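Asks: Structure in structure tokens, see below.
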Amino acid sequence: MITRLARIFERATSSSGDRDLHFDRPLVLFQSDDWGRVGVRDREGWDELRAAGIGLGESPYDFYSLETADDLNALADLLKRHSDSIRRNPSMVMNFIMANVDFNSGLASCEKEIPLVALSDGLPGRWRRPNLFEAYRRGIEDGVFFPALHGLTHFCAQAVARELDAGGERAELIRKICNAETPYIHWRMPWIGYEYWDREMEADLRFLPGDEQRSAIDRAAAIYRTFFGAAPFSACAPGYRANSDTHAAWFDAGVRVAQNGPGERKAPHFDAQGMLHTFRTVEMEPAIARVDLQRLIRDAEECFRRGLPAVVSIHSINFHSTLRDSRGPTLALLDEFLTALERKWPTLLYVHDADLFQIASEGFYFAEGARVEVGATTRA
């Protein structure tokens with residue numbers, strides 16, 4: 001396996017310039033963010049936030065908590081009931097946040113570094129999710145989950161430390177939320193930015209310096225290796241905020257697929273260092289906004305018509321059930337969507353990021369013990 005992947009890396013890194021890739025089979029990928037990241041600590045945490053004067057319920061992300069083992073098992077069971085033209089199940093690419101705020105340490109003594117608990121060391125404070133980590137690993141072993149790197153934290157630690165040091169209303173809000181063992185609620189405090197991107201800085205200074213990004217990425221990748229037993233192959237930056245420094249640090253950490261967000265229906269391409277960039281082309285976020293099944297099918301059809309993979313964006317919040325049952329409606333919609341895809345496109349292939357990388361590099365991938373040929377062409 002290691003030798004074969006090394007050959008793929010060599011072929012990709014020998015490429016130069018950006019090359020748009022188009023495929024002769026309908027390919028479907030699911031990319032999903034925010035796994036392992038704690039939010040509102042269940043009903044008890046919800047009540048503590050309300051008691052602190054924070055009104056909840058205005059935004060879907062007020063209901064973001066953390067997935068449970070039951071959430072994971074229900075998703076895995078659904079994916080196992082579906083298969084493509086080669087009888088392979090869909091695989092959900094899950095982007096993991098590798099650390100959470102260490103609430104037990106408190107933030108009073110925080111100067112420049114926010115205290116964190118690595119995911120490999122468990123969940124912070126009073127957070128409890130029995131059998132969750134086992135559910136992650138079981139889904140990976142069954143081939144319906146494919147882990148990827150999201151980051152060390154989702155927020156910009158520099159921004160949080162600066163606001164705590166400055167004091168005032170923002171610092172008070174951070175402390176109130178953290179006292180309830182919720183790290184942040186982004187829509188209420190957008191000034192916390194994203195891990196590699198500090199919103200409050202001048203536009204040309206918002207991305208953190210390369211050495212700071214590399215330090216965070218190296219730390220996250222080390223936790224990832226401890227937790228999953230392998231280096232990350234694919235990564236998506238929090239908030240989709242990544243630049244060339246991010247990509248260089250990812251590449252050195254073993255990442256070969258850079259996930260980019262929705263908004264433009266772009267073709268995948270290799271960059272100059274041989275990293276494959278993917279772009280989300282279908283948005284399926286029923287916990288956040290109304291989703292129409294026919295619109296999903298039309299979006300997928302447009303991708304296939306252009307020779308693009310249908311890269312479906314579906315965040316972890318859509319599968320949460322603790323504070324509000326988003327899981328039930330999402331699984332029902334996902335079931336309908338997969339059924340429609342399988343009926344409409346008899347040559348459909350479900351792939352994950354490593355499959356797409358191999359297809360783009362060599363024109364085939366291995367699935368169910370067999371080599372599957374997929375034509376890949378490049379265009380300027």
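The values are calculated or read from the model by the stated rules, or taken from the named source; none is laboratory data. These numbers were taken from a predicted model, which means no experiment stands behind them. So basically every Cβ, Gly included, is an ideal-geometry build from the backbone, and we count neighbours across all protein chains shown. SASA here: full protein model, heavy atoms, side chains in, ligands and nucleic acids out. Shrake-Rupley method; radii C 1.70, N 1.55, O 1.52, S 1.80 Å.
Asks: Those residues that are open to solvent by less than 30 Å² (accessible area, probe 1.4 Å) and part of a loop (DSSP other than H, G, I, E, B), I need them from region 257-290; list them, please.
Replies: Gly261, Ala267, Pro268, Asp271, Gly274, Met275, Arg280, Thr281, Met284, Glu285, Ala287
Asks: Taking region 336-373 only, how many residues are assigned to a helix (DSSP H, G or I), under 21 Å from the mean Cα position of the chain (by Cα) and either over 20 Å from Val255 (Cα atoms) or among the acidic types (Asp, Glu) (or both)?
Replies: Adding up the residues that qualify gives 4.
Asks: Can I ask one more? If Arg225 satisfies every condition in (1) assigned to a helix (DSSP H, G or I); (2) touching a Gly at 6+ places or on another chain (Cβ under 6 Å) but one, which is the exception?
Replies: (2)
Asks: When you go through Ile86, Ile54 one by one, which is the residue that is farther than 30 Å from Thr182 by Cβ, of a type in the set (Val, Ile, Thr) and surrounded by fewer than 22 Cβ atoms within 10 Å (Cβ to Cβ)?
Replies: Exactly one of Ile86, Ile54 is farther than 30 Å from Thr182 by Cβ, of a type in the set (Val, Ile, Thr) and surrounded by fewer than 22 Cβ atoms within 10 Å (Cβ to Cβ), namely Ile86.
Asks: In the set Asp198, Asp245, which member is touching a Lys or Arg at 6+ places or on another chain (Cβ under 7 Å), buried (at least 16 other Cβ atoms within 10 Å of the Cβ) and of a type outside the set (Val, Ile, Thr)?
Replies: Working: Asp245 fails: touching a Lys or Arg at 6+ places or on another chain (Cβ under 7 Å).
Residue meeting the stated conditions: Asp198.
Asks: Which of (1) open to solvent by less than 10 Å² (accessible area, probe 1.4 Å); (2) closer than 28 Å to Val257 by Cβ; (3) in contact with a helix residue (DSSP H, G or I) (Cβ under 7 Å, 6 or more places away or on another chain); (4) not basic (Lys, Arg) is the odd one out, the single condition Leu66 does not satisfy?
Replies: Condition (3) is where Leu66 drops out.
Asks: What are the residues in region 161-195 that are open to solvent by 60 Å² or more (accessible area, probe 1.4 Å), hydrophobic (A, V, I, L, M, F, W, C) and closer than 24 Å to Leu66 by Cβ, if any? Steps first, answer last, please.
Replies: At the first step, the residues of region 161-195 found to be open to solvent by 60 Å² or more (accessible area, probe 1.4 Å) are 162, 165-166, 169-170, 172, 175-176, 179, 187.
Those left that are additionally hydrophobic (A, V, I, L, M, F, W, C): 166, 187.
If the condition is that a residue be open to solvent by 60 Å² or more (accessible area, probe 1.4 Å), hydrophobic (A, V, I, L, M, F, W, C) and closer than 24 Å to Leu66 by Cβ, then Trp187 is the only one that fits.
Asks: Against the condition closer than 18 Å to Asp102 by Cβ, open to solvent by less than 10 Å² (accessible area, probe 1.4 Å) and part of a helix (DSSP H, G or I), how does Ala220 come out, does it pass?
Replies: Criteria met by Ala220.
Asks: Another question, if that's okay. Please go through region 121-160 and give me each residue that is in a helix (DSSP H, G or I), open to solvent by 10 Å² or more (accessible area, probe 1.4 Å) and more than 16 Å from Leu66 (Cβ to Cβ), ordered by number.
Replies: Hits for region 121-160 are Arg137, Arg138, Ile140, Glu141, Ala157, Gln158, Val160.
Asks: Go through Leu323, Leu333 for me and flag whichever is touching a Phe, Trp or Tyr at 6+ places or on another chain (Cβ under 8 Å), among the aliphatic types (A, V, I, L, M) and open to solvent by 10 Å² or more (accessible area, probe 1.4 Å).
Replies: Result: Leu323 is the single residue among Leu323, Leu333 that is touching a Phe, Trp or Tyr at 6+ places or on another chain (Cβ under 8 Å), among the aliphatic types (A, V, I, L, M) and open to solvent by 10 Å² or more (accessible area, probe 1.4 Å).
Asks: Here is a further query. Would region 238-249 turn up any residue that is hydrophobic (A, V, I, L, M, F, W, C), touching a residue at least 60 places away in the same chain (Cβ under 8 Å) and outside any helix (DSSP H, G or I)?
Replies: No; the residues of region 238-249 include none that is hydrophobic (A, V, I, L, M, F, W, C), touching a residue at least 60 places away in the same chain (Cβ under 8 Å) and outside any helix (DSSP H, G or I).
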